[in-house]
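Heads up: the structure comes next, in structure tokens.
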Amino acid sequence: GKQGFEHFMLKEIYEQGDVIERILNHYLDINGRQLNTGLQPGQSAAIEALNIVACGTSYYAACTARYWLESIAGIPTDTDLASEFRYRNRPMSSHTSNLFISQSGETADTLAALRYAKAIGCPCLSMNNVPTSTMALESDTILPTLAGPEIGVASTKAFMAQLTVLLLLSIDCARHNGSMDFDQELSLIKALHELPSLFHRQLLTQEPIIRLAQMMATSDHALFIGRGQAWPLAQEGALKLKEISYIHAEAYAAGELKHGPIALVDEQMPVVVIAPPDELQPKTLSNLREVASRGGKIILIADSQAIEASSEFITAAIPMPQVDPVLFPLLYTLPLQLLAYHVAKEKGLDIDKPRNLAKSVTVE
Ligand code: M6R
């Protein structure tokens, strides 16, 4: 049941801290010193390049993880939508490693993509939330996401679980190919262990998000922008909003704005700017000023310092606590989910069962 929550989606958002803990308990050995991804050490060391294939929210998890795999583990990573991957005759040898991500493990296009790669003889890993799913049964290696059953059609805790396991996979590959030292690894794992309590605190301070949701509920459109890992997060935030609130939301890499989309900006346009304090933040904040000078209503999700520094340009802000920069994607997902949830709630919509959507898409 909903255990006292008004919607499954909200319950599942609240469960995310526990999900991270469950994943850490499963993937770390008893001393917290060895990662147990189910991959043999030789296998993770042998991943020279990775191809990740998925749909929807699972695809955005893949796009987010690409940055970890490349920057932490030095593994060149491609991401593909399953519905495109199948038909674009990508040259692949039997040495290309593929990872298929699917919460349900039943998504028709992702399953077909898995079968396509298997037929070529490629090593196929899959990351699923349902251990008995067709994809789990047909893969060579399974990375379980352990989020528990997800009922809300809008994926929340499964996305968080995918990100967590993808980060652990990146760390595992980095260890085995020598691109991360042990101290870095320990400090990341420690920061991951502290994340659930940060989530807990964020969930206690939803007031600014609720006020913001009341403002956004009257909009017909919204833009989401970010750079680096904040770009796929912007895409995920926009997808969440359109799925359950039916507001037309688009995400852009912040640097792309002036190549076209900025023409959309006027006084009616809310622009959600995701700007964690990383080396790209100054650039994102300068894009923010460009949008503000066109009249756009800026909603800034960032650390308090950046919010302070941009105060004259913004309409609203969601202040975020400090955390190891590697973990920004996990932390900054939470306000995006809550924003979509509260907007849909404000509009009185059927949050757990949005129109036209099914929990798993088993036709092409
Ligand atoms: O079960 P899957 O992860 O394969 O599902 C993929 C998409 O259908 C799914 O993520 C969809 O986009 C969600 N409704 C997003 O909230």
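The values are calculated or read from the model by the stated rules, or taken from the named source; none is laboratory data. Computed from a predicted structure; not experimentally measured. Cβ: placed from backbone, ideal geometry, glycine included. Neighbour counts: every protein chain shown. Heads up: the accessible areas ignore ligands, DNA and RNA and are worked out on the full protein's heavy atoms, side chains in. Shrake-Rupley method; radii C 1.70, N 1.55, O 1.52, S 1.80 Å.
In the chain, the longest principal axis of the Cα atoms and the axis of helix 230-245 are about 70 degrees apart.
Across the range 75-193, C-alpha contacts under 8 Å between residues 6 or more apart give a mean separation that, scaled by the residue count, equals a relative contact order of 18 percent. Which net charge results for the neighbourhood of Ala217, defined as the other residues with beta-carbon distances under 14 angstrom from its beta-carbon, given Lys and Arg at +1 and Asp and Glu at -1? Result for the local shell: +3. Take Phe182: with every protein chain present and a 1.4 Å probe, its accessible area is about 80 Å². A Förster distance of 25 Å, applied to the separation of the beta-carbon atoms of Tyr246 and Lys283, puts the FRET efficiency at 0.20. Projecting the Cα positions of Thr205, Ala222, Gln305 onto the charge dipole of the range 173-327 (unit charges on Cβ atoms of Lys, Arg, Asp and Glu, taken about the Cα centre) puts Ala222 furthest along the positive direction. Basic side chains Lys and Arg get +1 at the Cβ, acidic Asp and Glu get -1 at the Cβ, and with that the dipole of the chain about its Cα centre reaches some 500 debye.
Within the full protein context, the accessible area of Ile151 is estimated at about 80 Å² for a probe radius of 1.4 Å. For Glu150, Glu364, Glu346, Glu106, the ranking by accessible surface with the largest value first comes to Glu364, Glu346, Glu106, Glu150, using a 1.4 Å probe.
Taking all protein chains together, Cys55, Cys173 sort by accessible area into Cys55, Cys173, largest first [probe 1.4 Å].
Less than 5 angstrom separates the built amide H of Thr79 from those of Ile52, all sequence-distant by 5 or more or on a different chain. Relative contact order of the chain, taken over Cα pairs closer than 8 Å and 6 or more residues apart, is 19 percent. Farthest toward the dipole's positive end in the range 222-364, which of Gln322, Asn287, Ile262, given Cβ charges of +1 (Lys, Arg) and -1 (Asp, Glu) about the Cα centre? The residue sitting most towards the positive pole is Ile262.
A 1.4 Å probe run over the chain, with the rest of the protein chains in place, finds 41 Å² accessible per residue. A 1.4 Å probe, protein heavy atoms only, puts the accessible area of Arg355 near 140 Å². The C-alpha atoms of the chain define a longest principal axis, and helix 108-120 lies at about 30 degrees to it.
In the chain, what percent of the accessible surface is made up of carbon and sulfur (1.4 Å probe, ligands and nucleic acids excluded)? Ligands and nucleic acids excluded, carbon and sulfur reach 51 percent.
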